[in-house]
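**Student:** Provided herewith is a single structure, encoded as structure tokens, for subsequent inquiry.
The values are calculated or read from the model by the stated rules, or taken from the named source; none is laboratory data. Please read all numbers here as calculations on a predicted model, not as lab measurements. Cβ placement follows ideal geometry from the backbone for every residue including glycine, while neighbour counts extend to all protein chains displayed. These area figures cover heavy atoms from the full protein model, side chains too; ligands, DNA and RNA do not enter into them. Shrake-Rupley method; radii C 1.70, N 1.55, O 1.52, S 1.80 Å.
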Amino acid sequence: MSLWEKLKNRIKDGFFREMWRETKWMFRYIRRYRLAVFIHILLGMLATVMTLLSSVAMKMLIDVVTGFEMGGIWSAAGFMAGMMIGSILMQALSSRVAAIINVRVQNGIQAEVYDRMLRTDWQSLEVFRSGDLLNRLNGDVSAVAGGVTSFIPGLVSGVVQFTGSLVIILIYDPVMALIALVGAPVSVIASRTLMKTMREYNKRMKAIGSDVMSFHEDSLRNLTTIKSFGLMDKFSGRMRDMQGKYRDAYLEYNRFSVIVNMLMGVVGLIISAGCFAWGIYRLWTNAISYGTMTMFLQLTAMLRSSFGIIIGLVPAAISITTSAGRIIAVVELPEEEGARAAAEIPDNVTVRLDNASFGYSDDNVVLENVSFDAGPGQLVAIMGASGEGKTTMIRLLLGLIRPQEGRAVLEDEEGSILTVSASTRNAFSYVPQGNTVFAGTVAENLRMVKPEASEEEMWNALRIACAEDFVSGLPKGIYSETGELGRGFSEGQAQRISVARALLKGAPIMLLDEATSALDEKTEKKMLKNLTECGLVKTCIIVTHRPATAGICGRCFVLEGNTLQEELPW
């Protein structure tokens, strides 16, 4: 077995296996931007070489000035100045290239992860809190992008600087080179021993960071509720408790890092003192010149610095791979069946559940042998107490979840069957319960489902949804701004804008999940009448807890104790 194979197998053993997998995943992005990364590495190497040569040029200049060597002062000074300016220029270009790579890689990874989140199987993604997903999408993606941009170039530059410094010292004084290398085994052993501890700390810090972000998001989203119940002190206390946990974890990690850095600093100081003492001795015995001594001081400092950079890349690598692992946990979730394709939906289609059963866990059966159908020209109500499974039925119809027994299908007039999945979701216009207005303008909200919609079409949809009057009263009409989560609108107004948006989609089946709960009975009745008469909706399914709403519908299904029964309308 080759040395490389042995090393590879060793890396794959134990906790290194996970880091190896995460590193391979990141290399996909390095390969994607390999030309730019190569240029970045090349510029970094040139800057390092010029810095090393400037040390040699300084030695030459001092030796000429002190008379130790013969030569032109101006030529030596010009060479030194050229190397210094060249190093600065290369570093500036390298920083610019790094910024370009970083923003491209970050945008690329973020777009890919975001797209994956949107298309991931609904149940699989539900185990993550939204704050945690945001932290992975932003913080972890930023860390990985920075790693792709800087880790390999930093490693190469550090190795070049270390090797170059060592070679120059070796040429002039092999003993000093040997003294400078004494700390290398100590540093390698220490870094290898501490890697696992560092990784555990990183995972813990990132997990706490996600919890804090989730808490921030939840509390700010429900700010009105917190204020109305007078819970400000309680939530401030919870915030301080979470800050305390983060502080304790951070300071514990910081203490660990300080001790490690201090020990490594002591080792470096001893080595520097040894190099300095040997250089003074050599200068005292006239074995070296003042220029050589000055060069040794610079090179030993560079040697120590470069070795510190290389060792410092160990915790950086751990942090980067930990972030990569958190991203992988999301992007490797199963994708929804049909998430990247849209099925052709016939004009007249019936949605059907045939003996469908579903439970979120073995001991939580929500629906059992449920049969349901709704076809063209029908206004159908689904009733039931809270928690009986009405929203679960909607999720089955939309293909967000799949029946564990039975089936969910779409059937056309000729009896052709389409199994419900993400690809059949274009058959539905969905208005969920709650406020689903996005920040932007009213027009932007409406055009989300139909970008080419004319003003006339938008106003017609608003009229059918009983939203025309209040929208026309806004300062800029449909071009008036809407706040985050429809801030500035009442719950009923936000619901009507959402219904208008669903109408514009023009899908044959409309699903209203408690979407009229904030409307008064008169407005609700008028809206439902408009929906049935407008010609834009062929089938309308309403999830409601109001008997009066169900009474408007031609058919009514009642959920009770995880079973569904059709009842005669009253």
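**Student:** Can you tell me which condition A277 does not meet? The list is (1) among the aliphatic types (A, V, I, L, M); (2) over 26 Å from S214 (Cβ atoms); (3) surrounded by 12 or more Cβ atoms within 10 Å (Cβ to Cβ), and all the others hold.
**Tutor:** (3)
**Student:** Could you check, for region 499-520, whether at least one of its residues is farther than 25 Å from E455 by Cβ and either of a type in the set (S, T, Y) or assigned to a helix (DSSP H, G or I) (or both)?
**Tutor:** So far as region 499-520 goes, yes, one or more of its residues are farther than 25 Å from E455 by Cβ and either of a type in the set (S, T, Y) or assigned to a helix (DSSP H, G or I) (or both).
**Student:** Okay, next question. Residue pairs, Cβ under 6 Å, 6 or more apart or interchain, first in region 199-215 and closer than 16 Å to L251 by Cβ, second hydroxyl-bearing (S, T, Y) and open to solvent by less than 40 Å² (accessible area, probe 1.4 Å). List them.
**Tutor:** N202/S319; N202/T322
**Student:** Check whether at least one residue in region 331-347 is in a helix (DSSP H, G or I), touching a residue at least 60 places away in the same chain (Cβ under 8 Å) and either touching a helix residue (DSSP H, G or I) at 6+ places or on another chain (Cβ under 6 Å) or within 17 Å of L181 (Cβ to Cβ) (or both), and report yes or no.
**Tutor:** First pass over region 331-347, keeping only residues in a helix (DSSP H, G or I): 331.
From what's left, touching a residue at least 60 places away in the same chain (Cβ under 8 Å): 331.
Next, from what is left, pick out any that are either touching a helix residue (DSSP H, G or I) at 6+ places or on another chain (Cβ under 6 Å) or within 17 Å of L181 (Cβ to Cβ) (or both): 331.
Yes, region 331-347 has at least one match.
**Student:** Among R238, R255, which is part of a helix (DSSP H, G or I), open to solvent by 60 Å² or more (accessible area, probe 1.4 Å), basic (K, R) and closer than 30 Å to S305 by Cα? Spell out the reasoning first.
**Tutor:** Numbers: R238 fails: closer than 30 Å to S305 by Cα.
It is R255.
**Student:** Across region 496-525, what is the number of residues that are open to solvent by 10 Å² or more (accessible area, probe 1.4 Å), in contact (Cβ under 8 Å) with a residue 40 or more places away in the chain and not aliphatic (A, V, I, L, M)?
**Tutor:** So the count comes out to 7.
**Student:** So, one more: Any idea which of (1) surrounded by fewer than 18 Cβ atoms within 10 Å (Cβ to Cβ); (2) aromatic (F, W, Y); (3) touching a residue at least 60 places away in the same chain (Cβ under 8 Å) is the one Y29 doesn't satisfy?
**Tutor:** (1)
**Student:** Is it the case that Y246 is in contact with a helix residue (DSSP H, G or I) (Cβ under 9 Å, 6 or more places away or on another chain), over 16 Å from R304 (Cα atoms) and part of a helix (DSSP H, G or I)? Don't jump to the end; show me each part of the working.
**Tutor:** Working: in contact with a helix residue (DSSP H, G or I) (Cβ under 9 Å, 6 or more places away or on another chain): yes; over 16 Å from R304 (Cα atoms): yes; part of a helix (DSSP H, G or I): yes.
When the stated conditions are applied, Y246 passes them.
**Student:** Counting just the residues of region 526-545 that are in contact (Cβ under 8 Å) with a residue 24 or more places away in the chain and open to solvent by 10 Å² or more (accessible area, probe 1.4 Å), which one comes out farthest from M458 (Cα to Cα)?
**Tutor:** H545
**Student:** Could you check F38 against (1) within 24 Å of F162 (Cα to Cα); (2) open to solvent by less than 70 Å² (accessible area, probe 1.4 Å) and say which number it fails?
**Tutor:** The single condition F38 does not satisfy is (2).
Results for (1) surrounded by fewer than 18 Cβ atoms within 10 Å (Cβ to Cβ); (2) at pLDDT 90 or above, shown as yes or no for each residue.
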| site | (1), (2) |
| --- | --- |
| G384 | no, no |
| L396 | no, yes |
| G415 | yes, no |
| P475 | yes, no |
| Y479 | yes, yes |
| R487 | yes, no |
